[in-house]
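Just so you know, all these numbers are worked out from the coordinates, no wet-lab data involved. Source: prediction; values computed, not measured. Cβ: placed from backbone, ideal geometry, glycine included. Neighbour counts: every protein chain shown.
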């Protein structure tokens, strides 16, 4: 009886396996008989365009006052008054402090400390009651009607910078604002550590908005040139190599290119593409070489 049961189980198992095999075979046969739906990727294309690209030189800079002087008392004594404060605008000949020269048994007329130059008080170094003499600094004045932006320019770019050349200066303190400047000095020596050369730019400072010590960025126009560009969306990266897809007989052909600078939403093509070759823009990232494509729109890059 047990043998009969075992035999029945084996027969059932073989029948089940055979049935599953038949079902799988039928499904594969049916699938093979169905027509293959060919993948066609809808894309937009464009022709390269020629635009003018401006190459620029960039350098970090520090703002400095046009000049800075320190005032001293010409006599010994004690400060009785400071007649100015930090930020005060000083004129030539203006009294800035009063020093008492009195000594025991003697009386002297108070000495007035005057400035010989114009400027703005940047630091008060002594308070009333402090003892001073001709070697003790009282305060510092800075001339900031104009200021200097001292920029560190890479030695490879210094040949493009000339005396009197216009430049633009931007400050982190005033994002979006552009300050016009002019080259007024170029150092005759280079920094041997970082291989840069100091270039001094002078810029007006109405309202004293620009403060010495501020961080700045200086920018010069190096050159202007014509360049062939394509939209950034046309560029694809495969294993570090840059490509564009060309349209060829209803297919996308992967084409290597050499790129230059980015100009807005376009990128310069230095080699690998001709002006009459149409490239895929929208949809390029989804393509592989020789994929079937359907062009849904075509255009040229606008200048």
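Brief remarks follow.
- The residues 39, 242, when put in order of fewest to most other Cβ atoms within 10 Å, stand as 39, 242.
- The stretch between residue 255 and residue 70 holds 59.9 nm of extra length on full extension. This uses 0.36 nm per residue minus the Cα-Cα distance.
- 163, 139 arranged by Cβ crowding within 10 Å, fewest neighbours leading: 163, 139
- Using a Förster distance of 51 Å, the FRET efficiency for residue 89-residue 270 (Cβ separation, nearest 0.05): 0.40
- Label point of residue 51 set 7 angstrom out along Cα-Cβ; within the range 259-279, amide nitrogens under 15 Å from it belong to 260-270.
- Calculated P(r) of the chain - Cα pairs past 27 Å, %: 69
- Contour minus Cα-Cα distance for residue 178 and residue 295 (0.36 nm per residue): 37.7 nm
- Highest-MSF residue in the chain out of 97, 151, 167 [GNM, Cα springs under 10 Å]: 97
- With respect to the chain, whose longest principal axis is taken over its alpha-carbon atoms, helix 2-33 is tilted by about 70°.
- With R₀ set to 25 Å, the beta-carbon distance separating residue 81 from residue 116 gives a calculated FRET efficiency near 0.80.
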